[in-house]
Amino acid sequence: MNRMFPFVTHTCNPLGGGPCPFSCSYCWATNLKNRYKYKKYQGPWRIYEKELKTYKHGDFPFPFDMIDIGSPNIPDEIIITLMAWIAKQPCEMLLLTKNPAFYRENQDIMPHNAWLGATIETDNNITLKFSKAPEPWRRLTEMQYVADNMPANKTFVSIEPIMGFSPDFERELMKIRPHAVAVGYDNYNNQLPEPNLAATEALIKELETFTTVYRKTIRESRLSQQFRINPDPASAADELEIAKSGNTASPAQREAEKEKKKNV
């Protein structure tokens, strides 16, 4: 079973309903649910009591891997019940959301044995081309609030699928003081604006100076793979800027577009 992160021992989904309001075009869980039309993830939000299991010391479950627990339309009474269930566990558990304002809004009931995680693919608003989730800068700001105001909880960041980022990304992540970070490229050929491999490796190297990094799928960007981009530093920097802009055209296509404009 693919459990997403190597430290996770179990996954479970005691919460049903949907759809997710963030509609990320690259979300594997959404695409899986749409493909198989799982009734569990349709209709009003509801708890599946039989899935509220009791785990053991040493377990590390990741509940809600098929939904975003930070979805703002989940009723408060459901959140209260689920957080109380986590608080009773004898082990740590992972929460992960693209709406980490959820942690601040529910600070009074947030269980101390929960790792509070956020998916932050980049510090660039290119995500808005593919998702209705809060902007990356909002997610960074909210996770920095967690680090400063909720010291009983460990923080976690998933940079997956990674997209083109600015030189400030590492500094903003450092402010979160994450217990761990996972970094990985898209696994499903979603044609995302990816950074080149050199930029990602440099980011990982910086992250490893202050946290544990779990390397997921690490490869050259699909743009570089497909069009054999010259790997010299100047070209790599140019391609990173292009990726950050959200332009996924090939070098040949971009050159053709330039020529077309010249002839207009």
Qualifying position, being surrounded by 12 or more Cβ atoms within 10 Å (Cβ to Cβ), touching a residue at least 24 places away in the same chain (Cβ under 8 Å) and over 17 Å from the mean Cα position of the chain (by Cα), among P75, P44: P75
Failed criterion for Y26 (all others in (1) surrounded by fewer than 17 Cβ atoms within 10 Å (Cβ to Cβ); (2) closer than 27 Å to D186 by Cβ; (3) among the hydroxyl-bearing types (S, T, Y); (4) in contact (Cβ under 8 Å) with a residue 12 or more places away in the chain hold): (1)
Selection count where residues are within 16 Å of R171 (Cβ to Cβ) and touching a helix residue (DSSP H, G or I) at 6+ places or on another chain (Cβ under 6 Å), scope the range 184-202: 1
Search result, residues across the range 20-36 that are in a loop (DSSP other than H, G, I, E, B) and closer than 26 Å to D76 by Cα: C20, P21, F22, S23, C24, C27
Tally, over the range 200-223, of residues that are under 19 Å from the mean Cα position of the chain (by Cα) and either part of a strand (DSSP E or B) or free of Cβ contacts under 8 Å to residues at least 12 places away in the same chain (or both): 5
Test set (1) outside any loop (DSSP other than H, G, I, E, B); (2) under 23 Å from A114 (Cβ atoms); (3) in contact with a Cys (Cβ under 7 Å, 6 or more places away or on another chain) - K50 fails condition number: (3)
Looking only at the range 95-146, and only at residues there that are in a helix (DSSP H, G or I) and of a type in the set (D, E), the one that is surrounded by the most Cβ atoms within 10 Å (Cβ to Cβ): E142
Subset tally (residues that are in contact (Cβ under 8 Å) with a residue 40 or more places away in the chain, of a type outside the set (S, T, N, Q), outside any strand (DSSP E or B) and surrounded by 14 or more Cβ atoms within 10 Å (Cβ to Cβ)) for the range 1-19: 8
E194 vs. criteria among the acidic types (D, E), in a loop (DSSP other than H, G, I, E, B) and in contact with a strand residue (DSSP E or B) (Cβ under 8 Å, 6 or more places away or on another chain): no
Of the criteria (1) crowded, with 22+ Cβ neighbours inside 10 Å; (2) in a loop (DSSP other than H, G, I, E, B); (3) in contact with a strand residue (DSSP E or B) (Cβ under 8 Å, 6 or more places away or on another chain), which one R177 fails: (1)
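Only the coordinates and a few stated rules stand behind these numbers; no lab work does. Predicted, not measured: the structure shown is a model, and the values here were computed from it. Note that each Cβ is placed from the backbone with ideal geometry, even for glycine, and that neighbours are counted across all protein chains shown.
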